[in-house]
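First comes the structure, then the notes that go with it.
The values are calculated or read from the model by the stated rules, or taken from the named source; none is laboratory data. If you're wondering where the values come from, they're calculated on a predicted model, not measured in any experiment. Neighbour counts are summed over all protein chains in view; Cβ atoms, including those assigned to glycine, are modelled from backbone coordinates with ideal geometry. For the accessible areas, the whole protein counts, side chains as well, though only heavy atoms, and no ligand, DNA or RNA atoms are used. Shrake-Rupley method; radii C 1.70, N 1.55, O 1.52, S 1.80 Å.
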Amino acid sequence: PYFFSTLVVFAIGRGYDAKARSSALDCSWTIVTMFHPEEKAGCWVKESLSSTVLPELASAVNELNTSMEGTGERSERLKTVVEILQVLSCLGGAAACRGKSSTQTSTNVSEFLVHMACSKVTKMPFVSDEASAASATFSMAGCAEDIGPNAASAFGTMISVSAGGPFWRQRLSHKACKIVLESIDDLKEFRGSMAPIAFGHAGILCHLACSGNLAGLDQTKMEKISYEIFRFLNTLFPTAQSQDGFVSVDDEERILMKELALASFVKLMAYRSDNIAKYVPVVLVNLLRAFPPEECDNADVKDLRVKLLALQGLMIATTMPGGTSKLLKVKPALETVLTEYLRHPSSLLRKAVIQTINTWAVLT
């Protein structure tokens, strides 16, 4: 346990080399999943999280809360928070894979990450009921919009682990789904049903669709997940420029959100077509917006994965139930838009475009 706790301290140390810290985290994972002794030893992950990781996270978030928007200092403090969240998610995933006495630890970590993504204030895990309100409360009032997507990303890292038993991912997915859907319903009551979905909530839902195990989830919840991901996709591919500057040149975070939203929607198209089919005709137009004509000769493709995912969605759409009449209405526009990209400098993108055009060419 001493060796493990020392590695964890090193992994979150701000003054150490990034690659060395990453290696220390990998070693910590291996120790938990392969060399952790039996039940009588308790859970080393819980002890390290309580004594080291969570206090460091609370301190880093407090510093972020007090920093000024748009400054380099705030960017550095946010980077620190993100690094600690990744350590938290890695150790939570290791606890989930180990199971046994670490099962409850993994549940507490995943629920904490979901609450961080969905709210401004949440309860610290592993804090006794007798603890003071100040020590039991974790506040993100001044930085919830910054932390939300990153907490969702950390949750996605945790549930995307392929090791461990067959049921832990399904258990954590169902618990996370309950939390995020209840939070979305509460926000709709407060802001109205048409209020845009926050990046944190959307990130959790997208990661659940991509990496979670939603087997056994009732039809009503699957309908809600599909609808919210559909709404999120529409906000990322708006129909026109807004006056408040929300729609602008895509920055790195927005491109990553597009990738995540498209990946989750394409996954639902392929494996949950009964829930998603009714949204496909609208989404087809959004998928074509990933191919603006001014970029067809641009060799510097920052959103290549977005375009490839959009093409994959366009191809899957031809196999979905509901007939081809609605697809045929989109076909002329699709051929016009994609034909321009046959001269794109990226050979990978050109091949995918050709395959998509050929797939749609047989629709009659």
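Data overview
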| read-out | value |
| --- | --- |
| Flag if E69 is more than 16 Å from the chain's Cα centre (by Cα) and at negative phi | yes |
| Count of the range 21-75 residues which are open to solvent by 40 Å² or more (accessible area, probe 1.4 Å), free of Cβ contacts under 8 Å to residues at least 24 places away in the same chain, part of a helix (DSSP H, G or I) and of a type in the set (A, V, I, L, M, F, W, C) | 3 |
| K79 being under 21 Å from the mean Cα position of the chain (by Cα) and either basic (K, R) or outside any helix (DSSP H, G or I) (or both) | yes |
| Members of the range 270-281 found to be open to solvent by 70 Å² or more (accessible area, probe 1.4 Å) and either at pLDDT 90 or above or within 16 Å of T318 (Cβ to Cβ) (or both), listed by number | none |
| Residue within the range 68-76 that is modelled with pLDDT of 90 or more and more than 26 Å from A144 (Cβ to Cβ) present | no |
| Residue match in the range 102-113 (condition: surrounded by 23 or more Cβ atoms within 10 Å (Cβ to Cβ), hydrophobic (A, V, I, L, M, F, W, C), in contact (Cβ under 8 Å) with a residue 40 or more places away in the chain and within 16 Å of S173 (Cβ to Cβ)) | yes |
| Residue in the range 223-244 that is open to solvent by less than 50 Å² (accessible area, probe 1.4 Å), among the small types (G, A, S) and either under 21 Å from L113 (Cα atoms) or in a loop (DSSP other than H, G, I, E, B) (or both) present | yes |
| Subset of the range 325-349 (residues that are of a type outside the set (A, V, I, L, M, F, W, C) and within 17 Å of L288 (Cβ to Cβ)) | K326, K329, K331, P332, E335, T336, T339, E340, Y341, H344 |
| Residue tally, condition over 14 Å from L91 (Cα atoms), in contact (Cβ under 8 Å) with a residue 24 or more places away in the chain and either of a type outside the set (D, E) or surrounded by 16 or more Cβ atoms within 10 Å (Cβ to Cβ) (or both), over the range 142-166 | 12 |
| Of all residues making up the range 245-269, the number that are out of contact with any helix residue (DSSP H, G or I) (no Cβ under 9 Å at 6 or more places or on another chain) and either at pLDDT 85 or above or open to solvent by 30 Å² or more (accessible area, probe 1.4 Å) (or both) | 4 |
| Scan of the range 206-222 for residues that are surrounded by fewer than 16 Cβ atoms within 10 Å (Cβ to Cβ) and modelled with pLDDT of 85 or more, ordered by number | D218, Q219, T220, K221 |
| Members of the range 282-315 found to be hydrophobic (A, V, I, L, M, F, W, C) and open to solvent by 30 Å² or more (accessible area, probe 1.4 Å), listed by number | V282, V285, A299, V301, L304, L308, L309, M315 |
| Filter pass, E39 being at pLDDT below 90 and of a type in the set (D, E) | yes |
| Condition met for L181 (closer than 26 Å to Y271 by Cβ, open to solvent by less than 40 Å² (accessible area, probe 1.4 Å) and modelled with pLDDT under 90) | no |
| Matching option when the condition is assigned to a helix (DSSP H, G or I) and over 20 Å from F237 (Cα atoms), among I276, I354, I316 | I354 |
| All positions within the range 346-360 that are within 20 Å of K329 (Cβ to Cβ) and either under 28 Å from the mean Cα position of the chain (by Cα) or touching a residue at least 24 places away in the same chain (Cβ under 8 Å) (or both) | T356, T359, W360 |
| Within the range 1-20, considering residues that are open to solvent by less than 70 Å² (accessible area, probe 1.4 Å) and of a type in the set (F, W, Y), the one farthest from R77 (Cα to Cα) | F4 |
